[in-house]
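Novice: I am attaching a structure below and will ask some questions about it afterwards.
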Amino acid sequence: MTKLTQWLCGLALLGSAWAALAFGPLGLRLPLPCQQLLRPFPAYLLVAFGCYSLATIGYRLATFNDCEAAAKELQEQIQEARADLSRRGLKF
């Protein structure tokens with residue numbers, strides 16, 4: 001089972017449980033304060049997921065490591081490629 005399938009199954013299960021509780025198709029009647037909290041619950045989850053995503057991206061950007069050796073090697077390869085191309089007649 002792929003990760004996408006797992007996520008879709010989990011979302012379908014959560015969505016069906018939410019719909020059963022929020023709209024009461026099975027005859028379940030929740031008190032009004034619970035219904036008022038439960039109906040916008042997917043919006044709350046979406047906002048929470050957005051906050052988590054922004055925090056994760058910010059953390060990963062703050063702790064991003066520079067690879068000095070790889071950058072130097074790449075610059076050397078670029079210089080070699082330019083030298084090779086200029087020997088073949090290409091002007092920069």
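Novice: Using a 7 Å offset from the Cα along the Cα-to-Cβ direction at both LEU61 and SER16, what is the distance between the two label points in nm, to one decimal?
Specialist: So the two model labels end up 4.0 nm from each other.
Novice: Nothing charged except the Cβ atoms of Lys and Arg (+1) and of Asp and Glu (-1): what's the magnitude of the dipole of the chain about its Cα centre? Round to the nearest 20 debye.
Specialist: 360
Novice: Hey, what's the per residue convex hull volume over the C-alpha atoms of the chain, in cubic angstrom?
Specialist: Numbers: hull volume 19.2 nm³, N = 92.
For the chain, the hull spanned by Cα atoms encloses 209 Å³ per residue.
Novice: ³J(HN,Hα) across the range 15-21 via Karplus (A = 6.51, B = -1.76, C = 1.60, θ = phi - 60°), whole Hz, x for Gly/Pro?
Specialist: x, 5, 5, 5, 5, 5, 7
Computed from the coordinates by the stated procedures, all read-outs in this text should not be read as laboratory data. It should be emphasised that the depicted structure is a prediction, and the values quoted were computed from it without experimental measurement. Cβ: placed from backbone, ideal geometry, glycine included. Neighbour counts: every protein chain shown.
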